[in-house]
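Here's the structure we're looking at; comments come further down.
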Amino acid sequence: MKIEQTTVVDYDEVDTEFRMKLPVLFQRLQRAAVQHSEQVGLGSADMVAAGAVWILNRMRVDIYRMPVYRDAITLRTWHKGSAGFRAGRDFLMVCGDETVAAATSLWLYYDLKRKRIAKIPKRVSEPYTAEADHVLAPDAIDFAVDKTFVPVQTMSITTREGDYDPNGHVNNTVYLEYLNTLVKRCGIGNTRVRRVGIQYLKEIGRDVHTLQAGVAAAGHTVRFRFFDSTAVYAAGFVTVGEPG
């Protein structure tokens, strides 16, 4: 089962060059995944009531052209099946006949009562149905993540009340707000983000008021991580290209 959403890029979703902001792109992906779950009767509230939630573990997004103000974009998403405690999901974003972005993701099934990752029951996996299509190479989600590199530049981040979602931790898309600011302020802000790979390692709870964002660049690839003295919350890479 594939679902499709068509919307227009609005004024509050673009940057100073009238291009869609990076966090907004991730928000669109999240909304499509949420809508799919709701359509099969497994919305967030329903999942919590049943004692479980989906946790986004990894995502890779390839951006071919960032949509601009008033672009009509169509986003398609589908479940790629599950095995054990893991499930896959792909996304395809198009403007007319032009593919502007493609993403693949890995999700974990978390048992709230036992407070641990658990095997996905058939009653949860089967309603989605599984699609065989891949928007990226099948191994694209297996990108390397360096959680321990020494940042060349760092930036302090203060969490805000609006960062938290109904699960009580900083929403996955907010990390991209942090990342967008980090990229713009670390000296590569005049280039375009072409690819993002992120692994979510530990939730940022309400007890975390300040954390650090660090980067180290090598050519067109920028490694990043969000951390404090107690944990690394997320890490990954950004590939940048020339303006345009």
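The values are calculated or read from the model by the stated rules, or taken from the named source; none is laboratory data. The model shown is predicted, which means the values in this text are computed figures rather than measured ones. Reconstructed Cβ throughout: ideal geometry from the backbone, glycine too, with neighbour counts over all protein chains shown.
The table that follows gives values for the structure above.
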{"item": "Condition check for residue 241: on the phi > 0 side of the Ramachandran plot and at pLDDT below 90", "result": "no"}
{"item": "Residues located in region 43-63, provided they are farther than 27 Å from residue 22 by Cα and crowded, with 16+ Cβ neighbours inside 10 Å", "result": "47, 52"}
{"item": "Region 88-104 - residue that is out of contact with any Ser or Thr (no Cβ under 8 Å at 6 or more places or on another chain) and in contact (Cβ under 8 Å) with a residue 60 or more places away in the chain and, of those, farthest from residue 132 (Cα to Cα)", "result": "101"}
{"item": "Residue list for region 209-237, filter: at pLDDT 95 or above and in contact with a Leu (Cβ under 7 Å, 6 or more places away or on another chain)", "result": "213, 224, 226, 227, 228, 232, 233, 234, 235"}
{"item": "Which numbered condition residue 180 fails, given (1) in contact with a helix residue (DSSP H, G or I) (Cβ under 9 Å, 6 or more places away or on another chain); (2) closer than 30 Å to residue 46 by Cβ", "result": "(2)"}
{"item": "Residues that are assigned to a strand (DSSP E or B), more than 16 Å from residue 141 (Cα to Cα) and of a type in the set (Asp, Glu), drawn from region 68-113", "result": "98, 111"}
{"item": "Output for region 1-42, where each listed residue is among the hydrophobic types (A, V, I, L, M, F, W, C), crowded, with 17+ Cβ neighbours inside 10 Å and assigned to a helix (DSSP H, G or I)", "result": "22, 24, 25, 26, 29, 32, 33"}
{"item": "Residue ID - nearest to residue 64 (Cα to Cα), chosen from residues in region 179-205 that are touching a Phe, Trp or Tyr at 6+ places or on another chain (Cβ under 7 Å) and at pLDDT below 95", "result": "179"}
{"item": "Single unsatisfied condition, residue 193 versus (1) touching a helix residue (DSSP H, G or I) at 6+ places or on another chain (Cβ under 9 Å); (2) farther than 17 Å from residue 15 by Cα; (3) not in a helix (DSSP H, G or I)", "result": "(2)"}
{"item": "Filter result for the condition that a residue is over 23 Å from residue 103 (Cα atoms) and in contact (Cβ under 8 Å) with a residue 40 or more places away in the chain, over 174, 183, 150, 145", "result": "150"}
